[in-house]
Amino acid sequence: MKMDEGVELMNQGNFEKAEELFREVLLNVEVVPADLCFYFGKNSFHLDKFSQSIDWLNKYIELKGTSGRFFDAAVEYLKLAEEEQQFQSTASQIQNNKEPRKREFINCEQTPFVVCPVCSGQGVSIERGSLGTSIYKACQYCKETGRMSCENYKLFLVGKFDPVLKNDH
Ligand SMILES: [Zn+2]
């Protein structure tokens, strides 16, 4: 029987080939044997297809309940697959959170100076006075030059640029 061949391959660690055989079996049966659900789930786990693994293991438990001969193993694999899936999704979330920071990477060799982000290159900063008037102040961040050195800009982005102490760049 194809399914037994698949199990044999799975036990040998040939999980890709085993999945192929299991899929062939699935195509040729009217009623999916419960054991195949377990095998497919277990095999999927070894292929790092964790959500597929979870689906099939749940299906096995659904079909056989607690009396299935693979019940304990199915529960065990299910637990592992869920942990792995959780780990993967956490890892990909962390990866996604990193993306915007990558875009802020500045190459100071290519761009030694940037337009001063405080005064937008005007050399003066504009504050609103108490009567709604505009008060122009010399921009300390760029010493009124309208540009900021790349090194200072990097400090500025992380909130560590103190224009009073660091304006000699
Ligand atoms: Zn400025």
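No lab work stands behind these numbers, since they all come straight from the coordinates. All values derive from a computational prediction rather than experimental measurement. Positions of Cβ are backbone-derived with ideal geometry, glycine not excepted, and every protein chain shown enters the neighbour counts.
Taking the dipole about the Cα centre of the chain, with the C-beta of Lys and Arg at +1 and of Asp and Glu at -1, give me whichever of Thr90, Gly129, Gly41 is farthest to the positive side.
The residue sitting farthest along the positive end of the dipole is Gly129.
Quick one: Debye curve from the alpha-carbon atoms of the chain only, equal weights, vacuum; give me log10 I(q)/I(0) at q = 0.10 Å⁻¹ to two decimals.
Calculated log10 I(q)/I(0) at the listed q: -0.58.
Just tell me which aspartates and glutamates come within less than 16 Å, Cα to Cα, of Lys2; anything on the same chain fewer than 8 places away is out.
Glu16, Glu19, Glu20, Glu24, Glu30, Asp35
In whole Hz, what ³J(HN,Hα) sequence does the stretch 128-135 give by Karplus (6.51, -1.76, 1.60; θ = phi - 60°), x for Gly and Pro?
8, x, 5, 9, x, 7, 9, 10
Which angle between 0 and 90 degrees, to the nearest 10, do you get for helix 50-64 versus the longest principal axis of the chain when only C-alpha atoms count?
Around 40 degrees separate the two axes.
Which of the aspartates and glutamates could a cross-linker span from Lys143 if the Cα-Cα distance has to be under 19 Å and same-chain partners fewer than 8 positions apart are dropped?
Glu127, Glu151, Asp162, Asp168
Check which residues have an amide H placed less than 5 Å from Val124's amide H, if you skip close sequence neighbours.
Cys139
Taking the Cβ-Cβ separation of Gln85 and Leu131 as r and a Förster radius of 45 Å, what is the calculated FRET efficiency to the nearest 0.05?
For R0 = 45 Å, the calculated efficiency reads 0.15.
Relative to the longest principal axis of the chain, what angle (0 to 90°, nearest 10) does the C-alpha long axis of helix 34-46 take?
40 degrees
How high is the relative contact order of the chain, in percent, counting Cα pairs under 8 Å that sit 6 or more residues apart?
Dividing the mean separation by the residue count of the chain yields 12 percent.
In whole Å and largest first, what semi-axes does the C-alpha gyration tensor of the stretch 113-166 yield when each eigenvalue is scaled by 5 and square-rooted?
Three semi-axes, in Å: 22, 11, 9.
Unpartnered cysteines of the chain (Cβ-Cβ under 4.7 Å counts as a partner)?
Cys37
How much length is gained on full extension from Thr145 to Val115, taking 0.36 nm per residue of separation minus their Cα-Cα distance? Walk me through the numbers on the way to the answer.
Values: separation 30, 0.36 × 30 = 10.80 nm, distance 0.93 nm.
Once the chain is fully extended between Thr145 and Val115, it gains 9.9 nm.
Run through the stretch 1-98 and list the GluC sites (Glu not before Pro) located in a DSSP loop whose Cβ has at most 16 other Cβ atoms within 10 Å.
In loop regions of the stretch 1-98 (DSSP not H, G, I, E or B), the sparsely surrounded GluC sites (Glu not before Pro) are Glu30.
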